[in-house]
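Novice: I have a structure here, written as structure tokens, and I will follow up with some questions on it.
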Amino acid sequence: MQMIKFYVFLTLIADSCMSFPKSYQARFVSWNSKGSIVDFRVRFLGRERRLNGSVIISEDLDSKRFTMSAETYSDVSGGGDYKLMPFSMPHQSICQAAKNYGIYFRATLKYGVNTDIPFESNPCPIPKGNYYMKNASIETDDWPYIMPRGYFKGVAKFKKDNKVVGTQEVVIFIEDRTP
Ligand SMILES: *[C@@H]1O[C@H](CO)[C@@H](O)[C@H](O)[C@H]1NC(C)=O
Ligand SMILES: *[C@@H]1O[C@H](CO)[C@@H](O)[C@H](O)[C@H]1NC(C)=O
């Protein structure tokens, strides 16, 4: 398992250097926000289900007390049988996570264009505030070359002082890119 994780990690690093259109496209299906410290309040607009809403961060998220981890799951058939994928985020400080994994969200949520979430400058602590996200469709240019088709779920767990204080569960749908 460690070997697989390490290999995927290297693949992700290599991929992250290459921003190209991929053979697949993705759209949002659902976003389930639980917990009070980081609370996403979103809805989806139009047939493309563009992300719209806000995220309310109610405390400054410093790198000592706040940590997170994430796992991903794939359901190719749509039958609800999600299988754990080797794309995961090991438990780390929230600042480190934003720095290491921000690349996957940067094209979708562009600072100053459709959000004021400060991904670009990587502030630490991440300041509390009410940030907006407007009409954002998923841009996969910075994502891995190969992704499974079908339903793909990311589950991020947030901890404060090593106690779980919230989870974000996001489901997207991945399909072959239409020209
Ligand atoms: C989209 O989100 C923005 C920012 O949070 C909000 O002002 C606007 O009312 C939302 N639009 C819709 C249609 O929900
Ligand atoms: C949202 O984005 C779509 C596609 O880019 C565009 O057609 C639409 O006008 C936008 N809506 C708003 C409210 O900005």
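Any read-out appearing in this document is the output of simple, stated calculations on the displayed coordinates, not a laboratory observation. This one's a predicted model, so the numbers in the text were calculated from it and none came from an experiment. Neighbour counts are summed over all protein chains in view; Cβ atoms, including those assigned to glycine, are modelled from backbone coordinates with ideal geometry.
Novice: For residue 145 and residue 36, what does the FRET efficiency come to when R0 = 41 Å and r is the distance between their Cβ atoms, rounded to the nearest 0.05? All intermediate terms of the calculation are to be shown ahead of the outcome.
Specialist: Numbers: r = 38 Å, r/R0 = 0.92.
After rounding to 0.05, the efficiency reads 0.60.
Novice: Cut-off is 10 Å between beta-carbons; in what order do 19, 33 appear when sorted fewest neighbours first? The partial results should precede the final answer.
Specialist: Values: 19 13, 33 18.
Fewest to most other Cβ atoms nearby, the residues stand as 19, 33.
Novice: Let me ask another. Sequence gap at least 6, Cα distance under 8 Å: using those rules, report the relative contact order of the chain to the nearest whole percent.
Specialist: Working: 392 pairs, mean separation 62.1, N = 179.
It comes to 35 percent, rounded to a whole number.
Novice: Given the DSSP H assignment, sum -39500 (n - 2.57) over each helix run of at least 4 residues in the chain and divide by its residue total; what's the result at 222 nm in deg cm²/dmol, nearest 500? If you can, show how the numbers build up before the last one.
Specialist: On the way: 3 runs with 27 residues, N = 179.
After summing the helix terms and dividing by residue count, I get -4500 deg cm²/dmol.
Novice: Using only the Cα atoms of the range 86-153, build the gyration tensor, take square roots of its eigenvalues as a ≥ b ≥ c, and label the shape rounded, prolate or oblate: rounded if a/c is under 1.5, else prolate if a/b is larger than b/c, else oblate.
Specialist: Values: a/c = 2.18, a/b = 1.27, b/c = 1.72.
Taking the square roots of the gyration eigenvalues as a ≥ b ≥ c, the range 86-153 is oblate.
Novice: Additional query: When averaged across all projection directions, what area in nm² does the alpha-carbon convex hull of the range 24-176 cover? Can you show the working numbers first?
Specialist: On the way: hull surface 34.4 nm².
Orientation-averaged projected area of the Cα hull: 8.6 nm².
Novice: Oh, and also: Can you give me the distance in nm between label points at residue 100 and residue 71, each placed 7 Å from the Cα along the Cα-to-Cβ direction?
Specialist: 1.7 nm
Novice: Once you list every other residue whose beta carbon is under 11 Å from the beta carbon of residue 155, what net charge do they have if Lys and Arg are +1 and Asp and Glu are -1? Intermediate results must be reported in sequence, preceding the final value.
Specialist: On the way: positive: 34, 153, 157; negative: 71, 169.
Residues near residue 155 contribute +1 overall.
Novice: Something else: If the cut-off is 25 Å between C-alpha atoms, which lysines fall inside it for residue 110, apart from same-chain ones fewer than 8 positions away?
Specialist: 22, 34, 99, 128, 134, 153, 157
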